[in-house]
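Reading through the structure tokens given below for one structure.
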């Protein structure tokens, strides 16, 4: 009887204890692949992770209004293979980013195509998602 109770408990809990799901989205559902924008600002945060790294940049527009942008980049595995590490981009770095804007303008999202750090010329991307030097 004890084995049956243990098995039943395991089966019942098994339905509730699962590995975290990694969501993935269609880029064309979130971003406008036929449009491109450029922003210039300072890095607030760089999340070096899989499945996609995210760069947060505070940019000032022509009217002086500051906007925080969420910029989706390749995952840590792909970036690492290209020489980018969690320390490559740091908070405070001045950058220029080009990419595809998000479909919902108020979300201030960009799918990165290129990035240039203006202090030393570090660059990544040639529109095809490759590191440049």
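No value in this document is a laboratory result; all are computed from the given coordinates. This is a predicted model, so every value here is computed, not measured. Glycine gets a Cβ as well: all are built from the backbone with ideal geometry, and neighbour counts include every protein chain shown.
Given labels modelled 7 Å from the Cα in the Cβ direction, how far is it in nm from residue 78 to residue 38?
Label-label distance for residue 78 and residue 38, simple model: 2.3 nm.
Between residue 85 and residue 107, what is 0.36 nm times their sequence separation minus the Cα-Cα distance? Round to one decimal in nm. Write out the running numbers ahead of the final one.
On the way: separation 22, 0.36 × 22 = 7.92 nm, distance 2.66 nm.
5.3 nm is the gain from fully extending residue 85 to residue 107.
I need the calculated FRET efficiency for the pair residue 29 and residue 119, taking r as the beta carbon distance and R₀ as 35 Å, to the nearest 0.05. Walk me through the intermediate numbers first.
Numbers: r = 35 Å, r/R0 = 1.01.
E between residue 29 and residue 119, to the nearest 0.05, is 0.50.
Starting from the eigenvalues of the Cα gyration tensor, five times each then square-rooted, give me the equivalent ellipsoid semi-axes of region 36-132, largest first, whole Å. Mind showing how you got there, number by number?
On the way: eigenvalues 81, 42, 31 Å².
The answer is 20, 15, 12 Å, longest axis first.
What's the extension gain from residue 96 to residue 126 if we count 0.36 nm per residue and subtract their Cα-Cα distance? Walk me through the numbers before you get to the answer.
Numbers: separation 30, 0.36 × 30 = 10.80 nm, distance 1.32 nm.
Extending this stretch completely gives an extra 9.5 nm.
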